[in-house]
1. Under the condition of being within 14 Å of another protein chain (Cβ to nearest Cβ) and among the acidic types (Asp, Glu), which residue from segment A:4-58 is farthest from B:GLN31 (Cα to Cα)?
2. Quick one: what pairs do we get from segment B:1-12, first residue in a helix (DSSP H, G or I), second modelled with pLDDT of 75 or more and of a type in the set (Gly, Ala, Ser), C-beta under 7 Å, 6+ apart or different chains?
3. When you scan segment B:19-72, how many residues do you find that are assigned to a loop (DSSP other than H, G, I, E, B) and closer than 22 Å to B:ALA139 by Cβ?
4. Those residues that are without any contact (Cβ under 8 Å) to a residue 12 or more places away in the chain and either more than 10 Å from chain A (Cβ to nearest Cβ) or surrounded by 18 or more Cβ atoms within 10 Å (Cβ to Cβ) (or both), I need them from segment B:14-28; list them, please.
5. When you scan segment B:116-179 for helices (runs of 4 or more DSSP H) that lie fully inside it, which ones turn up with 3 or more residues that are more than 7 Å from every other protein chain (Cβ to nearest Cβ) and either modelled with pLDDT of 90 or more or on the phi > 0 side of the Ramachandran plot (or both)?
Amino acid sequence: MNCDKVKQNIYGYDELTETEKGSLHDHIAQCNSCALLFREMQQQRALFRKASQWKDLPPNPDRLTQNVMSSIKTPAGRKVRPVGEMIDRINLVPLRLALTSLSFFLIIFFVSEYNMTQSTSRYNKSYSETLLSEKKEALDSGRLVERLKQKKRPTPFTSFYDCIKRCGLADWQYLCEECKIKFQKLVKKYENS
Amino acid sequence: MNMGSLSETEIITRAKSGDTRAFRILVERYQSMMFSVSCRFLDKDEAEDIVQEAFIRLWKNLHKYRPGIKLTTWLYRIVTNLCLDQLKSKHRRNRFRRADITEIDAVKDHSTPDKELEGRELLQYVLQLAQSLTPKQRAVFILRDLEGLSSDEVCEVLSMKAGNVKSNLYYARKALHEKLKQYFEVKERRLLL
């Protein structure tokens with residue numbers, strides 16, 4: 001055993017086994033520096049033992065007891081938390097792991113749900129905005145009149161005159177069927193009169 | 001009913017069910033021990049607050065108590081943890097006050113004692129030397145060398161592995177040895193004269 005190892009063992013003499021103590025004593029019988037350290041450490045140990053005999057006592061034990069007793073809550077206060085006590089008793093590691101994973105799952109679930117709700121509401125908003133703009137457009141008076149004009153069905157008479165105007169009387173055979181019938185009716189009326 | 005006739009387990013069981021009279025007995029029985037341990041980490045005023053806080057914590061967590069656990073070990077754990085927290089916060093506060101600490105050390109210098117240190121003075125001297133250790137080393141040293149707890153108990157109180165306790169103890173004893181060497185040299189010289 002070398003001196004470094006022995007010196008280490010001298011500092012931790014109390015923690016050594018009987019065999020280790022035996023080999024340490026064999027070494028210090030031959031090594032002066034280790035023997036000196038061993039002696040000093042023995043003195044140090046004795047000094048600590050002597051010092052440890054002195055124990056400080058509380059200056060006023062009754063006051064200390066009173067302070068402690070007035071600080072503690074009444075037993076009834078402790079019994080009000082049955083859930084807390086039940087949780088304290090849960091000491092099963094698998095159960096705790098399961099509860100932890102369940103809580104993680106719930107957090108992830110709620111976060112994803114929230115994101116989905118956000119995107120849906122955004123879509124609904126844009127859709128309602130489109131509808132609103134369409135209605136606004138529809139309510140615009142100028143455009144409404146235009147639309148009504150477009151939707152207004154032309155009267156047969158207007159259509160007839162337009163047709164005559166467009167096709168010319170000379171070419172009455174090229175008139176559309178509706179106008180041709182009306183034209184023939186007019187001709188008959190004229191002949192009868 | 002006379003509480004004094006009950007065994008410790010019965011007293012704890014009663015306190016656990018919310019009996020404040022039973023808890024009072026525990027406070028009266030263990031406050032000296034807890035105060036003494038706290039005084040090895042902190043000054044007396046702080047130690048009193050720590051003991052009070054430790055008993056409140058014990059009351060709050062008494063429902064977790066299992067008969068297999070040694071109550072003193074549990075109390076050591078509560079007090080040591082509270083003291084370490086206090087030391088850490090103090091260490092943070094005093095980081096920039098190194099000059100003041102050196103000044104205090106100079107005033108209380110016992111390196112050349114004109115008489116052998118006894119009782120409280122000796123303990124104060126050792127604890128003053130221990131202030132240079134890290135909080136963990138200090139805790140291991142106090143529990144193992146001054147309180148006389150076994151290595152296993154120290155491991156349990158500080159929630160540390162055996163190897164970790166051993167190395168902290170080694171560094172603590174080594175550091176203290178270097179500081180005490182001068183004291184031993186003077187003492188030895190006096191014995192030779």
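1. A:ASP4
2. B:MET3/B:ALA22; B:ILE11/B:ALA22
3. Final tally of qualifying residues: 4.
4. Scanning segment B:14-28 gives B:ARG14, B:GLY18, B:ARG24.
5. Fully inside segment B:116-179 and qualifying: B:135-141, B:151-158.
The values are calculated or read from the model by the stated rules, or taken from the named source; none is laboratory data. Not measured: the values here are computed from a predicted model. Neighbour counts run over all protein chains shown; Cβ positions are idealised from the backbone, glycine included.
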